[in-house]
Amino acid sequence: MTHTNTPSRYWIIVPAAGVGARMGAGMPKQYLTLLGKTILEHTLERLLGLPNVTGVLVAISPTDNIWPQLPVSANPRITRIDGGAERSDSVLNALEALADQAQAQDWVLVHDAARPCITLSAIQNLCAVLVDDPVGGILAVPVSDTIKRVDANHTIVQTLDRTQLWQAQTPQLFRYGLLRASLASARARGQTITDEASALEANGHPHRVVEGRADNIKITRPEDLALAHTILQQQETTQ
Ligand code: C5P
C-alpha cells in the first residue's frame, strides 16, 4: 500500500446492534445500567475522550427504540447507522457509510459496546505501537487458563499449548481499505467472522497483537455485570 506523508485520520466504529441473548436480560445488554449509566454510555464516554478522532459511528439495530432516548445520541460527534444481522455486518455497514469520506490508509478503531472498561491509555498504546504499520493489529492478553478443546459430549480431546495463545479483545485497529475489503470478501465467502482480525487473517494480511489489560472484559453473561461494576468503580477512583 502507498502511504502519503499526511498523518492518517482515525475513525471509531462501535457495533452496538446485538440483542445480548446470552445475557438473558430481556433487553440488549448495552442498555443495562452500571453506576447510573448504561453500558453503551460508559463505552462511548471513554471513546469520546480520545483526541484527534475524525468521526464516531455507532451501529444500532433498526428496531432499537432505546438509543434515541439516551442523551449521548444527540452528540454531534456521533453518527448512528443501521446495524446488520451479525456483528461483522454492523461493522461493514459502518465502513460502507464512510465510503465517501475515508481514505484507504485511514485508521479504523472498532470497539464493542459491550466492553465499557476499556482505558484510554490502552487505546493510545495500541495506536502508538501500530502507527507505522501497513495493516494494523488488536489489543489482546496472553491466556492465563489452560484451554481444552472438547467434542460434542464435552469430552476433552486436546489441551492446547497456552504459550502460543492470546485472547483477542477490542479495540481492533486496521487501515480502512484493508478492513473493508477483508470484511466484504469474508461475507462473500459466507465465512463466520467474530472479529475484524479474523477477516484480515483470512485475506492474508498478517498483523500483530498488542498487549492490553485483563480488566477490559466483554460483558456477555449475567455474572460479568458485577465484575464490570467493580472494575469501573475501581478505575474511577484510580484514574
Ligand atoms: O454478542 P457479542 O458480545 O459478540 O457482540 C459484540 C458486540 O457486537 C456487541 O457490542 C453487540 O452489540 C455488537 N453486535 C452488533 N450487531 C450484531 C450483533 C452484535 O453490532 N448483529
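The values are calculated or read from the model by the stated rules, or taken from the named source; none is laboratory data. In this text the structure is predicted, and so the values were computed from the model without any measurement. Every residue, glycine as well, gets a Cβ built from its backbone with ideal geometry; the counts of neighbours run over all protein chains shown. Areas reflect the complete protein model, heavy atoms only, side chains present, ligands, DNA and RNA absent. Shrake-Rupley method; radii C 1.70, N 1.55, O 1.52, S 1.80 Å.
With Cβ to Cβ distances under 13 Å as the rule, what net charge do the other residues near Gln124 carry (K, R +1; D, E -1)? Present the calculation step by step, with values, prior to reporting the outcome.
Working: positive: Arg46, Arg213; negative: none.
Here the charged neighbours net out to +2.
Under 5 Å between amide hydrogens, which residues at least 5 positions from Ile81 or on another chain qualify, with H placed 1.01 Å from N in the peptide plane?
Sorted by chain and number, the residues that satisfy this are Val58, Ala59, Ile60.
So what is the relative contact order for the chain, in percent, with contacts set as C-alpha pairs under 8 Å and at least six apart? All intermediate terms of the calculation are to be shown ahead of the outcome.
Values: 395 pairs, mean separation 54.9, N = 239.
Across the chain, relative contact order equals 23 percent.
May I ask for the net charge around Ile147, where only other residues with Cβ less than 13 Å from the Cβ of Ile147 are counted and Lys, Arg are +1 while Asp, Glu are -1? Display every interim value, and only then the final one.
Details: positive: Lys148, Arg149, Arg162; negative: Asp145, Asp161.
Taking every other residue near Ile147 into account, the sum is +1.
Return one whole number: the accessible area per residue of the chain in Å², for a 1.4 Å probe.
50
Say the dipole of the chain comes from +1 at the beta carbon of Lys and Arg and -1 at that of Asp and Glu; which of Met23, Gln103, Val210 then lies farthest toward its positive end?
The listed residue farthest towards the positive side: Met23.
List the lysines whose alpha-carbon lies under 30 Å from that of Lys148, not counting same-chain residues fewer than 8 positions away?
Lys29, Lys218
Take the solvent-accessible surface of the protein heavy atoms, probe 1.4 Å, and return the percent of it on region 1-158 that carbon and sulfur atoms account for.
Values: 3860 of 7580 Å².
Taking all protein chains in place, region 1-158 shows 51 percent carbon and sulfur surface.
Mind putting a number on the dipole of region 94-239 about its Cα centre? Charges go on the C-beta only, +1 for Lys and Arg and -1 for Asp and Glu, and I need it in Debye to the nearest 20.
Taking the Cα centre of region 94-239 as origin, the dipole is about 300 debye.
Nearest-5 percent of antiparallel DSSP beta bridges in the chain?
Values: 15 of 33 bridges.
Taking every DSSP beta bridge within the chain, about 45 percent pair in antiparallel fashion.
Can you give me the long-range amide H partners of Ile13? Hydrogens built in the peptide plane at 1.01 Å from N, cutoff under 5 Å, separation of 5 or more residues or another chain.
Here the answer is Leu57, Leu109, Val110, His111, since their amide H atoms fall under 5 Å of that of Ile13.
Only bridges whose two residues both fall in region 91-228 count here: according to DSSP, what percent of them are antiparallel, nearest 5?
On the way: 13 of 17 bridges.
For region 91-228, the DSSP antiparallel bridge percentage is about 75.
Say the dipole of the chain comes from +1 at the beta carbon of Lys and Arg and -1 at that of Asp and Glu; which of Gln124, Val72, Gly136 then lies farthest toward its positive end?
Going by the charge dipole, the pick is Val72.
Could you let me know the centre-to-centre spacing of region 84-120 and region 194-226, using Cα atoms, in angstrom?
14
Using amide H atoms built 1.01 Å from N in the peptide plane, name the residues 5+ places from Gly136, or on other chains, whose amide H lies under 5 Å from its own.
Distant-sequence amide H within range of Gly136: Arg208.
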